[in-house]
Amino acid sequence: MAYEQEDHPKLQFPLDSNSYNIIAEIGAGVCSKVYTAQCLPIKSTVVAIKSIDLDQSNADFRNFVGHETNTLSLLSHPNILNPHCSFTAGNRLWVVMPFMSGGSLESIISSSSPSGLQEQCIAIILKETLTALSYLHSQGHLHRDIKAGNILLDDNGRVKLADFGVSSSFYKSSSVYRLGSSPFSQYWIAPEVIHSYKDYSFKADIWSFGITALDSIKKFSETFQDMVASCLRKDPANRPSADELLKHPFFESCNGTSEFLAENLLRGLPSVEERFRAASKILEEGVGCDPSGDWATGLLLNRRMSSIIEGNGNEDEEFEVQDPVFPVESTQAVIPCDDDSEEQQPAAGGRGNEVNAETMVNELMALMTSLDDQKEKMKKIINQLGVKKIDREDELEKENARLRLELEREKEQNLKLIQVINEEDQLLHQNERLRLELENKKLRLELEKLKMHISATSNTTTDDNN
């Protein structure tokens with residue numbers, strides 16, 4: 001089996017589901033699944049297929065996926081994953097893409113280093129991602145969903161930015177920005193996006209990039225801290241552009257290669273299929289699941305953000321949360337420091353090495369309340385600014401229904417007209433046939449008369465001769 005990356009960019013991949021042999025499921029979403037498959041007509045090339053259930057997705061989403069496929073097909077950059085093609089198969093939309101056998105950054109971290117990657121590896125991945133983002137912005141497009149799950153690697157360590165349906169042209173003023181199922185997915189969304197319906201720019205991607213960086217690393221240096229802090233400035237005008245961020249000392253000092261990632265990060269990892277099966281088993285059986293895990297992760301990320309923004313980061317600080325978070329035999333959850341010889345002190349304001357359980361619960365509750373408030377504000381904004389859009393959509397739906405009825409009526413009229421034309425054609429043919437028959441009769445009569453005349457003339461001549 002051939003593993004296709006970009007060796008045959010000019011090949012036309014078939015727009016027929018029968019041309020693909022599904023191998024295994026490697027991903028799943030709310031209304032979609034991702035498979036590896038063989039493209040049979042093209043030497044059984046292995047591709048990835050995202051199959052989206054159109055019955056479970058709204059019309060806007062379908063339009064965005066179609067637009068995204070068309071958009072990406074026009075882009076050309078070594079760090080952007082371009083789809084081969086897309087087509088409908090029954091009630092599902094298939095998007096055929098190159099298969100990135102290294103998997104997503106998210107699955108790599110979950111499989112190899114749940115507490116985050118080493119800075120040397122994450123620096124290479126982030127630099128390649130930022131290069132793709134810089135190109136995307138230069139072409140007038142926002143990505144709108146920068147996260148570890150959309151950063152893919154192949155088995156050679158090459159990094160590509162993917163998306164599948166959310167990125168769209170900024171110049172077309174699209175207001176779509178995806179919220180994940182976890183309340184902490186809001187960390188990835190820039191403040192101006194949460195508080196505004198449409199007034200945001202390319203700088204929203206920079207915020208998401210900063211959160212992705214922060215959430216993907218185990219330990220960080222002062223240079224990394226400064227880079228992320230610049231991404232997380234509340235005022236987007238004060239955030240750097242992608243081009244400016246590439247000139248940051250953190251990225252200028254990064255000289256790692258894809259070969260380094262292949263050797264030091266991807267080597268020995270389970271396959272994408274094995275990782276997906278393991279994750280599915282955990283979700284189905286609850287193996288190793290902690291009901292408070294999301295909140296613990298969110299609190300940890302919240303503390304990292306505070307530490308970065310306030311400038312209290314420590315290059316030797318290790319962000320690890322041990323399981324369980326709240327041991328039964330103790331009222332305190334201990335987060336170990338690097339040096340076991342140091343005396344551990346209770347946490348004060350979330351900066352110590354020992355965290356009181358009651359304090360953590362209070363912080364979690366405050367965080368939940370804050371998120372609920374943000375959700376209510378978003379609902380009000382949507383209600384205030386989205387009423388016209390909703391009414392307009394209703395009007396368009398009614399107009400579409402009316403046009404469909406008119407189209408059906410037009411079809412019926414056309415069918416009747418065709419029937420009338422056919423009947424008229426039959427009448428014309430019948431009239432023509434009758435006319436020809438009448439002409440033939442006249443000709444036969446004329447011929448008979450002529451024969452009789454000739455016969456009479458012949459008889460007269462004979463009599464005269466006699």
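The values are calculated or read from the model by the stated rules, or taken from the named source; none is laboratory data. If you're wondering where the values come from, they're calculated on a predicted model, not measured in any experiment. Please note: Cβ atoms are built from the backbone with ideal geometry, for glycine as well, and neighbour counts cover all protein chains shown. For the accessible areas, the whole protein counts, side chains as well, though only heavy atoms, and no ligand, DNA or RNA atoms are used. Shrake-Rupley method; radii C 1.70, N 1.55, O 1.52, S 1.80 Å.
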>> Please count how many residues of the range 107-116 are of a type in the set (A, V, I, L, M, F, W, C) and surrounded by fewer than 22 Cβ atoms within 10 Å (Cβ to Cβ).
In response: 1
>> Tell me yes or no: at least one residue of the range 189-212 is in a helix (DSSP H, G or I), at pLDDT below 75, of a type outside the set (Gly, Ala, Ser) and more than 19 Å from Asp243 (Cα to Cα).
In response: no
>> Looking at the range 135-149, can you tell me whether even one residue there is closer than 17 Å to Ser258 by Cβ and out of contact with any Lys or Arg (no Cβ under 6 Å at 6 or more places or on another chain)?
In response: no
> Of the residues Ser134, Ser115, which is touching a residue at least 24 places away in the same chain (Cβ under 8 Å), among the small types (Gly, Ala, Ser) and assigned to a helix (DSSP H, G or I)?
Replying inline: Ser134
> Filtering the range 186-230 down to residues that are among the β-branched types (Val, Ile, Thr) and more than 22 Å from the chain's Cα centre (by Cα), which residue is most open to solvent (accessible area, probe 1.4 Å)?
Replying inline: Thr223
>> Six or more apart or on different chains, Cβ atoms under 7 Å: show the pairs whose first residue is in the range 1-26 and farther than 18 Å from Trp94 by Cα and open to solvent by 50 Å² or more (accessible area, probe 1.4 Å) and whose second is at pLDDT 90 or above and not small (Gly, Ala, Ser).
In response: Met1/Gln38; Met1/Val46; Tyr3/Val46; Tyr3/Phe99; Glu6/Pro98
> With respect to the numbered conditions (1) open to solvent by 30 Å² or more (accessible area, probe 1.4 Å); (2) over 30 Å from Leu265 (Cβ atoms); (3) modelled with pLDDT under 95, which one is the sole condition not fulfilled by Phe87?
Replying inline: (1)
> Only one of these conditions is not met by Asn238: (1) surrounded by fewer than 21 Cβ atoms within 10 Å (Cβ to Cβ); (2) touching a residue at least 12 places away in the same chain (Cβ under 8 Å); (3) not charged (D, E, K, R). Which number is it?
Replying inline: (2)
>> If I filter the range 150-170 for residues that are modelled with pLDDT of 65 or more and part of a helix (DSSP H, G or I), do I get at least one hit?
In response: yes
>> Here is a check on your reading of the model: is Tyr177 assigned to a loop (DSSP other than H, G, I, E, B) and either modelled with pLDDT under 85 or not small (Gly, Ala, Ser) (or both)?
In response: yes
> Across the range 213-238, what is the total count of residues that are of a type in the set (Gly, Ala, Ser) and outside any helix (DSSP H, G or I)?
Replying inline: 2
>> Take Ser104 and tell me if it is open to solvent by 10 Å² or more (accessible area, probe 1.4 Å), modelled with pLDDT of 90 or more and in contact with a strand residue (DSSP E or B) (Cβ under 8 Å, 6 or more places away or on another chain).
In response: yes
>> Which condition from (1) open to solvent by 30 Å² or more (accessible area, probe 1.4 Å); (2) at pLDDT 75 or above is the one that Arg62 breaks?
In response: (2)
> Would it be correct to say that Glu244 is surrounded by fewer than 18 Cβ atoms within 10 Å (Cβ to Cβ), within 21 Å of Cys121 (Cβ to Cβ) and at pLDDT 90 or above?
Replying inline: no
>> Among (1) modelled with pLDDT under 90; (2) more than 27 Å from Ser32 (Cβ to Cβ), there is one condition Thr131 misses while meeting the rest; what is its number?
In response: (1)
